[in-house]
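I have placed the structure first, in the form of structure tokens, so that the comments after it can refer back to it.
Each reported figure results from applying straightforward, stated rules to the coordinates on display, with no laboratory input. These numbers come from a predicted model, not from an experiment. Note: ideal-geometry Cβ built from the backbone for every residue, glycine included; neighbour counts use all protein chains shown.
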Ligand code: GDD
Ligand code: MN
């Protein structure tokens, strides 16, 4: 072992090192790319090399770059991308720490680009990159804002999807009509190319929730977007796994709610209220079972029902409504305590306000509804501020 003191603390100044003369670069070589391709990744190590090779081949004569936006995958996806980037300046990597989300990753990638045209493509080779030159041509030659890769126009297809996934996808597409124009055949597509001005005018309005970035763009744009669709066949996945799960379905509903009603009430409040509604059902199921079926005293049955409903509401909100701020372990227990406290105060406020209104000769139904509304808003505000505080 060398004596640490003998190790020099300063290295020779770089000027003393022989340096290769940089080759003179022409203006054209220095210019930024015309097209940026955003490829969101989560555990896609086995696919990134293949994607870069395929892009190099099909965009051989174009000026392009690819930005992988990786959510700190455990399988060294980001390291693999950076290794490629050392040999090829067209490859870039954004590694996000402590965050997840396909849409938000795409948005961050798009914002890191200065190119006039930006594409989004899955990194798992399921989208057909050979369509990209055609998409680029449409944007150059027409005044379209967006070119969408569609599985539902003549020439496109779902690949090896089984009938149940195809049916779910079609159902979701139909639901999405609530917020996007009817003639967009594949609003669920994650494969498209747009002009950067379209991003500029839309980015501050995006919900950035979940998987469906194209839907978000169309539903958030300040004016109807001019679009052209090009067909592509969805390929089978060869390496890695799909990240689409039941949580993605919940995010999809949240995105639709946010786009439809977000300007009036937060989508999270709607979710919180829906869970509250389900809690009332749980409460009554519990009460009826204990009081009517088993024959426990009313006070005991009602008390148990209140507890069960409260734990139910807390658990479901923790799993869904506040999925992005989910509490675990000791924090779960602390969260349950603050949630229960907030519910108790909200219940007092509910009774207080309803009684006051009822005594001021408002009917019993509107009085009760007002009490419920006030306590729901109060409970939502308190639990957002204390139980599921936003982490910074
Ligand atoms: N950064 C990041 N963060 N990337 C993610 C995340 C995430 O949380 N979740 C998924 N991805 C990446 C995946 O690594 C993959 O490159 C791409 O997003 C698509 O994810 P998949 O899990 O492969 O999605 P899929 O094949 O089930 O769904 C596809 O089909 C939809 C059509 O209905 C995707 O292409 C969607 O974009 C498309 O809309
Ligand atoms: Mn996929």
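Overview of values
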| item | result |
| --- | --- |
| Evaluated over segment 136-267, the Cα radius of gyration and Dmax, each in Å | 15.0, 44 |
| Taking 232, 117 and counting other C-beta atoms within 10 Å, the order from fewest to most | 117, 232 |
| Debye equation applied to the C-alpha atoms of segment 74-184, log10 I(q)/I(0) at 0.18 Å⁻¹ | -1.29 |
| Kirkwood-Stokes translational diffusion coefficient of segment 27-108, alpha-carbon pairs, 37 °C, 0.692 mPa s, µm²/s | 251 |
| 222 nm mean residue ellipticity, helices alone, for the chain (DSSP H n ≥ 4; -39,500 (n - 2.57); rounded to 500) | -15000 deg cm²/dmol |
| Equivalent ellipsoid dimensions for the chain as semi-axes, Å, which come from the Cα gyration tensor, largest first | 49, 29, 20 |
| For segment 198-278: relative contact order, % (alpha-carbon pairs under 8 angstrom, 6 or more apart) | 32 |
| Rounded Å value of the spacing that divides the Cα centres of segment 210-251 and segment 309-328 | 27 |
| Between helix 246-261 and the chain: long-axis angle, C-alpha atoms, 0 to 90°, nearest 10 | 80 |
| Helix 45-58 vs. the chain, principal-axis angle (Cα, 0 to 90°, nearest 10) | 50 |
| Beta bridge orientation in segment 27-243: antiparallel %, DSSP, nearest 5 | 25 |
| Cα centroid separation - segment 38-72 against segment 330-352, whole Å | 48 |
| Globularity index of segment 27-243, i.e. its alpha-carbon radius of gyration over 2.2 N^0.38 Å | 0.96 |
| Tilt relative to the chain, helix 163-176 - C-alpha long axis, 0 to 90 degrees, to 10 | 80 |
